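Report on the following structure.
The values are calculated or read from the model by the stated rules, or taken from the named source; none is laboratory data. Please read all numbers here as calculations on a predicted model, not as lab measurements. Backbone-built Cβ (ideal geometry, glycine too); neighbour counts: all protein chains shown. Please note that ligands, DNA and RNA were not included when accessible areas were found on the heavy atoms of the full protein model with its side chains. Shrake-Rupley method; radii C 1.70, N 1.55, O 1.52, S 1.80 Å.
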Amino acid sequence: MKVSIIVPAYNVENYIEDCLDSLVNQTLQDIEIIVINDGSTDNTLENILKYSTKDKRIKVLFQKNAGPSAARNKGLEAATGEYVAFVDADDWISPNYLENLYREITQNNCDIAVSSVIRKGKHKNKTKLNYKNVQVIQTLEEKVKICNLPKFCYVWGKLFKKEILKDKNFCEGVFFEDILWLPEVLKASDRLVTVPDTLYYYRINYNSIVKLLPSEKKQRDQYSAKSYIVKFFNSNNLFLSEKYKNITKRTFYISKFPILKIKERNFINTCYLFSFIPILKFKDFDNHYIFKFLFLRFAFWHKSNFNYIPAMSYGVNLNKRSPQLIVSLTSHPARINYVSVAINTILRQRLKPDRVILWLAEEEFKNKEADLPDNLLSLKELGLEIKWCENLYSYKKIIPTLRECPNDIIVTADDDLYYAEDWLESLYNAYLKNPENIYVRRAVKVEVRKGKIQDAFKRDMAHLKNCKAPLFANQLMGGSGCLFPPNSLHPDIFNIDKFTSLLPTHDDIYLWAMAVLNNTKIQVVGGYDEEMLCVEGTRTSALCKINNSSGSGIPPHEAFDRIANAYPQIIDKIKNDAIISV
């Protein structure tokens, strides 16, 4: 069998005959037509059966109403063709559609073939995609562009090699399932071909579920789908138009008139009165709800929503890499009862580290392991190493490991955060692409203003999105995760007298300075707006509280002054990367 056509059908009695007419009259005869009746309550099934009794190529499957995703999954299970096409039951295709797509996909050894698309309205037609030449596309960037994603993110209008769909099921029970499915299939494909003179007719059905006034669930699903698109484009370094980054999260209606609309952009939610008058901004960021109204700002702490699951199996790699990938962290008495939570998430990483080391100061735990809680000691059986050193305060998370393992890769972590299962993998994969840089999950871009170094965070959030290129001006924030390749830091990293007197409570700024002095650039995997979810009960002893205006530490602007005075060459190093202000 050459091609299987999958047609989900639900209450389309007025359109299904047009669809089936176009399928049974295809010039390519070696096909099977799999129609899934999705619990229709009108005469759809009767109309389908009229065709199936006349044409044995039509297979009719049945299911209770479960939506197009479940129907398509059922069709994929039953498909026997080498290639698969999807056609919606209220649409139709040109007579040569399958023959042309099949010819080009096989002759050009491609995984996907795409056709032109015409939107059929009540009064006029409109061409939505128009391919005039046969063109073979290989890069993901070109495939996304030629298919006009995300504007035209539909599964129909294409022929797929079935082999690339074997682990690509549709997400069931949601609206906008195409948006969650097609980008991953494009990414999994090697080659795509455009096919001219081949038409898919897309009918605007104003009675379809998608066209009805959106329910709360539909709005949630739309938000999730569009958020996924933003994440997909960002993670694959693809250009995304600004309008697709401003996502409607919820709309409230009176009758059919939108009264209040909530839109999200870069995790900041803005409430619009009548869809266009902004009245309030808020965001959920680092366990805080932050509201901005006129010139007022309010912040409220809330519990983390991280799905915490303790480690149940050995969490480190048995076959050690070279160089080794080591996760290094520290803790202190105020947090020692909580640190096991963070370590549990590190031991549950999808990519296992070669070692996980917790460094503790001997002077803070006089009886060593006898002073440690059982929930921490039990993690030694799962791969945790507990080691002892002098009290270097927050610098303990890296200095002892650098001394012991100078030729290995060190990833620093904090003792008060939850780490998602892809945390270590994202850093390590970035390192494998270019081992010359330091990779971090979070950073702020520094600026030079009036001859002084300052971070741009408080002045202009727009600068934060410019942190993703490898730059000296990306000031790393180690808590969310920071990968240091071997020999990536200046030798003064081992000068204990210097860093304890210069920046005793700002290890991140000192580590950043050591990278810049060593000519090592910093690249962000993620960005400042990526959440750092804190373990409950740990915030009272955070360095950010010590370093604020009422604390006993050093405020950030003074820390930058100190580092610039001690190492004046840093300003020259970063001036080509930083934001220069007069």
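A few remarks follow.
- Ordering Ala85, Gln29, Ile48 by the projection of their Cα atoms onto the charge dipole of segment 1-145, which places +1 on the Cβ of Lys and Arg and -1 on the Cβ of Asp and Glu, puts Ala85 at the extreme positive end.
- Since only Ala473, Thr500, Ser115 are under comparison, the one whose Cα sits farthest along the positive direction of the charge dipole of the chain, derived from C-beta charges on Lys, Arg, Asp and Glu, is Ser115.
- Neighbours of Pro435 by Cβ distance under 13 Å: Lys/Arg scored +1, Asp/Glu scored -1, total +1.
- Cross-link pairs exceeding 30 Å in C-alpha to C-alpha distance, out of Lys64/Lys217; Lys261/Lys433; Lys54/Lys151; Lys122/Lys161, comprise Lys261/Lys433; Lys54/Lys151; Lys122/Lys161.
- In the distance distribution for segment 194-318, Cα-Cα pairs more than 21 Å apart total 62 percent.
- Only helices enter this figure: runs of n ≥ 4 DSSP H residues, each worth -39500 (n - 2.57), summed and divided by the residues of the chain, yield -7500 deg cm²/dmol at 222 nm to the nearest 500.
- In the context of the full set of protein chains, the chain has a per residue accessible area of 47 Å² (1.4 Å probe).
- Ranked packing of 9-21, 292-304, 556-568, most packed first, by mean Cβ within 10 Å: 9-21, 556-568, 292-304
- Accessible area in the full protein assembly, largest first, 1.4 Å probe, for Glu82, Glu141: Glu141, Glu82
- Order by protection proxy (mean Cβ within 10 Å, highest first), peptides 374-384, 401-411: 401-411, 374-384
- Fully extended contour minus Cα-Cα distance, from Asn519 to Asn434, at 0.36 nm per residue: 29.1 nm
- Whether segment 1-76 is rounded, prolate or oblate, judged on the alpha carbon gyration tensor where a/c under 1.5 counts as rounded: oblate
- Given charges at beta-carbon only (K, R positive; D, E negative), |dipole| of the chain in Debye: 1880 debye
- Ala566 paired with Asn317, simple spin-label distance in nm, labels 7 Å along Cα-to-beta-carbon: 3.3 nm
- For segment 1-151, the square roots of the Cα gyration tensor eigenvalues, ordered a ≥ b ≥ c, give a/c of at least 1.5 with a/b greater than b/c, which places it in the prolate category.
- With a Förster radius of 41 Å applied to the C-beta separation of Ile496 and Ala299, the computed FRET efficiency comes to 0.65.
- With all protein chains modelled, accessible area of Phe291 [1.4 Å, Å²]: 60 Å²
- Distance from the C-alpha centroid of segment 307-324 to that of segment 1-53: 51 Å, rounded to the whole angstrom.
- Taken along the Cα-to-beta-carbon direction at a fixed 7 Å, the label points for Asp422 and Gln63 span 2.6 nm.
- Protein accessible area in the chain, 1.4 Å probe - carbon and sulfur %: 51 percent
- In a simple Cβ point-charge model (Lys, Arg +1; Asp, Glu -1; nothing else charged), segment 302-373 has a dipole of about 440 debye relative to its Cα centre.
- Shape of the chain, Cα gyration tensor, a/c cut at 1.5: prolate
- Ser215 sits among other residues whose Cβ lies under 12 Å from its own Cβ, and their net charge, with Lys and Arg +1 and Asp and Glu -1, is +2.
- In terms of accessible area, using a 1.4 Å probe and ignoring ligands and nucleic acids, Tyr418, Tyr510 rank largest first as Tyr418, Tyr510.
- Inter-centroid distance (Cα atoms) of segment 72-128 relative to segment 365-381, Å: 62 Å
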